[in-house]
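What follows is a short report on a single structure.
Read the figures in this text as sums done on the coordinates, not as results from a lab. Note that the structure is a prediction, hence the values are computed from the model and not measured. We place every Cβ from the backbone using ideal geometry, glycine too, and count neighbours over all the protein chains shown.
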Amino acid sequence: MRHTSALTFALLLAAAPAFAQDPPSIPAPTDPVSIGRSEFTGKWYGTVDLGARVTSIDGDEARAQRYRDLRSGVYANNAVFGRRTQDFAFEGQAWNIGYRDQRYMLDFQKPGRLSASFLYDQIPLWISHDTRTLYSETQPGVFRLEDSMQQALQAKTTTLHSYEDQAVQFDLRTMRKIGEADVNFNATPNTAITVYIKNTNRDGHIPYGGTFGFSNAVEIPMPLDHRTTDLKTALEWSNDKGMLRFGWDGSTFENNITSIVWDNPLVYGPDASGAPSQGRHSAWPDNTLTYLHGTGAFNIPGNGRVTAYAAFGQGRNTTDLLPHTINTGLASPPLSRTNAEAESQMTIMNFTAAMRPASKLYLNARYRYADVDIQTPEFRRDNGQVSYDSSLKTSADPSEYHSVKRSTFDVDAAFSVAPYTSLKAGYSQQGTDYTHRIWESTSEDVFRVSLDSTGAQRFMLRALYENRQRTGDGFNAHALEAVGELPTMRHFDIADRDRDRFTFIGTAMVSSILEVNASAGIGRDTYSDSQHGLQMFDSDQYSVGANLAPDDRYSLTASYGWENYKSTQRSRNAGDDLQFVDPKRDWTTDYTGKVNFFEAGFDISAIERTLIRITGDWNKSNDTYLYGLVTGSPLAVPEQLPPVKNELLRAEIDLSYELAANLRLGVAYWFDDYKVEDFALGSETISGIAFPPVQEGEQAPSTNALLLGYQYRPYTAHVGFVRLTYGW
Amino acid sequence: MNDPEKVKPTQLNKISAKAVNAVCTTCHNKGEHAQWKGSQHEARNVSCISCHSIHKPMSTTSQLKAMNQQGTCITCHRDKVAKLDKSGHMPVREGKMECSSCHNPHGSTNVKLLKTGNTVNESCTSCHAEKRGPWLFEHAGINGEACSTCHDPHGSSNDRMLVAKLPFLCQRCHNHMKHPSTIYDNKVTQSSNRLFSRSCVTCHSAIHGSNHPSGSTFLRQ
């Protein structure tokens, strides 16, 4: 009985949400102290790491701690406390207590009756420590500059560069706080009621564009203060023959900041056409999404099962609209309506049938229907619009909405050609209808064949080849003409495309202590009908690796991978109608991407009472974008851009020593080294907040951009830990 | 009656994947396991013990054979797990998310084994709800379609996890006259706001959709 209960507990806990991955702000113990988790005596048990951390970061400390908090100080981590009896299990866990990335979890299980869990998690996002701004946020969402500065810039008696030193440094960061609860109650052995609720608050600032025209680009620290609340409820009935499930899901997004207003650095006023003294955005609109859904499944002869799912949903945004402009020097066109009245209706259906009509034959068929129908009424702008809060157009096109309706039919047949080996052939047909896209519909045929050899003790092999051919129907030339696109442009997400993919994974036990593995992934996309736009995309990914475990005291894993990517896209540079039809003005961008990565881990338990873990991983990418011109091109030969490079090296060593059965001493060291070169965001380009930057000896030119100084910088981080792990 | 001395326990590592799955799904056929039959992994002969270990799990939860989910999924999805180390990434390697934050490997009613929502967009906007819409002005190819047209959710070397760097990504679809189809070369890296810093979205900041009456080209939100 005890063993059955223990197994039941283990299985149930395995079904619990997997919250408990150790977050690596603090090293996970490689040797958990024995705790009373496997006992069902009702005694309280627990474990906790108490330690201290010393951190030194040279370079971009924001990127080094992008989603984590590595500040020096004492810490309490991996705290577990709980109690188990034959009737219930209760456990609480806490990580990084008191730090920005802290997390807490409670879980209660009464087997066969009730499971409940609660999670509170904080996810910091530290974007930049280099950011500076001349703006002051006088109230949430309102950014002001010094009047004297605006006046001087408007009068052109100075330039923005002279104010660089007055910009105030601030940390550009956000914080996401998540609280969620999940309850599953078995009203009867066959009936379960689930309730899930999640609340996410996010605040902080992110970089955001607030531009006033081609020659007046502005970046503002967009404030965030919003909340998303999700509620999901379901009733499920099941037995050994089938199941029924009905549920309702609802989600609301609420933004506490409804609009953003910011000063124009180059204009103090009075407002005029082409010269707004300030700009205004609406912030992200409040929205809701609700779904009613049902699932049914039942077993059929041939060890099979049929499943059906249907969902009906609605999305809404009923936010009041701002006027066209805040520029008092323009007559803001009247609005054709004052509310967004934005609405989408979704109908989703899935049907799956899986069966095994013969011992060596397995059949699988699926049909999926997804209709995203945008029901927002057309927003007319017969009286015009205002661009950048600056220039008035006396008429403008109404809004257009892009509904998508997709049907996908899949069928697979797998044959057991040898013990533990199956050969599978499959076909899919996907048809999609669009509104206001270049094609009225697309159709995609997919053929695939795969070989899976698993279950053998010494090797595993999986290989898949897939061919996809997508073609469009009902070419809608207006979709291109209306926006001034080349008639030969094809948007790559729905353009005619031939795709071939091959993937392979293999593992072999060479001996009782050595396993080797290899993988390959090759993809070829060709957009044969696209004279302009994306023309082709190739991807090649390979890896080799080995796991060596001569005995229980040592284990070594290592793998190396390399990836190559290539694409070509074609455009035409034109400034007037004559140039627009001149094919000699075509140009291409050839992209080449190379990635190399290596990872290794070494565990040693050969020394008495001591565990040592050493891990390392290295990832390097190199992307180039090369411009090309056609023969006889009248365009100036472009100066090629430098490559974009990223390289990250991480190494960790963790050593723990058993002082007593319930006490371990641990020390750890982490090393992170990041290198980056980026022509758009690297520190060679982003050297200040006013652009273009002033060269030494030159007079400051008229500025055309006021930025935040967010840039990509390298960093090197050293983090040392010492900890005591205590259990009871 | 069966004599316990003569009944041999089933050895899961000696039977086919389908047979293993039939054993486990005797109990694990509800909730997040309800869609297992006919799912992508089941159809590829993945068995429960491909990922889980009943007697010797290495993970602290979910009885995984590896120490964590990344170590489990990398067995077959090495390219996806490798992307997590790229500079643009979700907080997976920091321990704030894991593969099952987005995917249900046991089967799902959504595409790509996504566990939340009914489309790719609904999965992404379950956390990024500010981009959910619906909008007054939509960006074709995004709303109702897939965030993955422009973003690589597993990781990218580009800022904001884009599949290609700006302005090149935008120029794959936008070729019209004047600035969209201009060549932005090395001569203008420090002078053209279409190239440095946020590139196209320095101006077209409401790129996911606009609720502004003048927002048809996403200059204002």
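All other residues whose Cβ lies under 10 angstrom from that of residue A:365 are scored, Lys and Arg at +1 and Asp and Glu at -1, for a net of -1.
For residue A:292 and residue A:639, a Förster radius of 51 Å and the Cβ-Cβ distance give a FRET efficiency of 0.30, rounded to the nearest 0.05. Both radii come from the Cα set of region A:36-142: Rg as radius of gyration, Rh as Kirkwood radius; their ratio Rg/Rh reads 1.17.
Size descriptors for region A:126-220, from the alpha-carbon set: Rg then Dmax equal 23.4, 81 Å. I need the P(r) histogram for region A:479-528: all alpha carbon pairs, bin width 10 Å from 0 out to the longest distance, whole percents. Values per bin, smallest distances first: 19, 26, 19, 15, 12, 7, 3.
3J(HN,Hα) along region A:348-362, derived from phi through the Karplus expression 6.51 cos²θ - 1.76 cosθ + 1.60 where θ = phi - 60°, amounts to 10, 9, 10, 10, 10, 10, 10, 8, 10, x, 9, 5, 10, 10, 10 Hz, with x in place of Gly and Pro. FRET efficiency for residue A:74 and residue A:369, Cβ-Cβ distance as r, R0 = 60 Å, nearest 0.05? Computed FRET efficiency for residue A:74 and residue A:369 comes out at 0.60. Legend: distances between Cα atoms for B:80/B:165; A:566/B:112; A:424/B:56; A:360/B:14; B:18/B:56; pairs beyond 28 Å are A:424/B:56.
Put a dot 7 Å past the Cα of residue A:576, heading toward its Cβ, do the same for residue A:168, and the two dots end up 5.0 nm apart. Share of pairwise Cα-Cα distances greater than 26 Å in region A:466-583 is 48 percent (whole percent).
Taking a point 7 Å out from the Cα of residue A:502 in the direction of its Cβ, the residues of region A:555-578 whose backbone N falls within less than 16 Å of it are A:564.
Quick check: convex hull over the Cα atoms of region A:566-671, volume per residue in Å³, rounded to an integer? Could the numbers behind the result be given before it?
Working: hull volume 15.1 nm³, N = 106.
Measuring per residue, one finds 142 Å³ for the Cα hull of region A:566-671.
Computed over Cα pairs, the Kirkwood radius of region A:378-448 leads via Stokes-Einstein (1.002 mPa s, 20 °C) to a diffusion coefficient of 129 µm² per second. Which trypsin sites (Lys or Arg not before Pro) in region A:281-344 sit in a loop by DSSP (not H, G, I, E or B) and have at most 16 other Cβ atoms within 10 Å of their own Cβ? Those that pass, being in a loop and sparsely packed, are A:337.
Given springs between every Cα pair under 10 Å in a Gaussian network model of chain B, which of B:162, B:113, B:136 has the largest fluctuation? Among B:162, B:113, B:136, the largest GNM mean-square fluctuation belongs to B:136. For region A:416-442 versus region B:142-221, the spacing of their alpha-carbon centroids is 31 Å.
Relative to one another, the C-alpha centroids of region B:20-98 and region A:38-75 are positioned 26 Å apart. How large is log10 I(q)/I(0) at q = 0.20, 0.21 Å⁻¹ when the Debye formula is applied to the Cα atoms of region B:104-221, each weighted equally and without solvent? Here log10 of I(q) over I(0) equals -1.19, -1.27. Neighbours of residue A:481 by Cβ distance under 14 Å: Lys/Arg scored +1, Asp/Glu scored -1, total -3.
For the pair residue A:509 and residue B:53, label points projected 7 Å from Cα toward Cβ lie 1.3 nm apart.
Using only Cα atoms, figure out Rg for region B:172-221 and give it as a multiple of 2.2 N^0.38 Å.
Taking the Cα Rg and dividing by 2.2 N^0.38 Å, one obtains 1.24.
Spin-label pair residue A:318-residue B:191: with each label point 7 Å from Cα along the Cα-Cβ axis, the two points sit 5.3 nm from one another. As a proxy for reagent exposure, A:126, A:237 were ordered by neighbouring Cβ count within 10 angstrom, fewest first; the result is A:237, A:126. Restriction of the trypsin sites (Lys or Arg not before Pro) in region A:526-584 to DSSP coil positions whose beta-carbon has at most 11 other beta-carbons within 10 angstrom yields A:553. Across region B:53-133, Cα pairs under 8 Å and at least six residues apart give a relative contact order of 12 percent.
Within region A:103-190, the trypsin sites (Lys or Arg not before Pro) that combine a DSSP coil assignment with at most 10 other C-beta atoms in a 10 angstrom radius are A:156. Estimated from helical segments only, the mean residue ellipticity of the protein assembly as shown at 222 nm is -1500 deg cm²/dmol, where each DSSP H run of four or more residues counts as -39500 (n - 2.57). Could you state, as a whole-number percent, how many of the C-alpha pairs of chain A are farther apart than 48 Å? Percentage above 48 Å: 31. For residue A:543, what is the net charge nearby, where nearby means another residue's Cβ is under 11 Å from its Cβ and Lys, Arg count +1, Asp, Glu -1? Result for the neighbourhood of residue A:543: -2. For chain A, the longest principal axis of the alpha carbon atoms and the long axis of helix A:2-15 meet at an angle near 10°.
Subtracting the Cα-Cα distance of residue A:87 and residue A:338 from 0.36 nm times their residue separation leaves 84.5 nm of extension gain. Under a GNM of chain B (C-alpha, springs under 10 Å), which listed residue has the highest mean-square fluctuation: B:152, B:185, B:85? Of the options given, B:185 has the highest mean-square fluctuation. When each of A:135, A:268 is scored by the number of other beta-carbon atoms lying within 10 Å, the sequence from fewest to most is A:268, A:135.
Per residue, the convex hull spanned by the Cα atoms of chain B amounts to 150 cubic angstrom. With Rh defined as the Kirkwood radius, the inverse of the mean 1/r over Cα pairs, the Rg/Rh of region A:400-505 is 1.18.
For region A:565-576, backbone phi angles converted through the Karplus equation (6.51, -1.76, 1.60; θ = phi - 60°) give residue-by-residue couplings of 10, 9, 8, 9, 10, 10, 9, 9, 8, 8, x, 8 Hz, Gly and Pro being listed as x.
Run the numbers for residue A:310 and residue A:660: contour at 0.36 nm per residue of separation, minus the present Cα-Cα distance, in nm.
Extra length from residue A:310 to residue A:660 when fully extended: 120.3 nm.
In the calculated pair-distance distribution of region B:110-158, the portion above 12 angstrom amounts to 64 percent of the Cα-Cα pairs.
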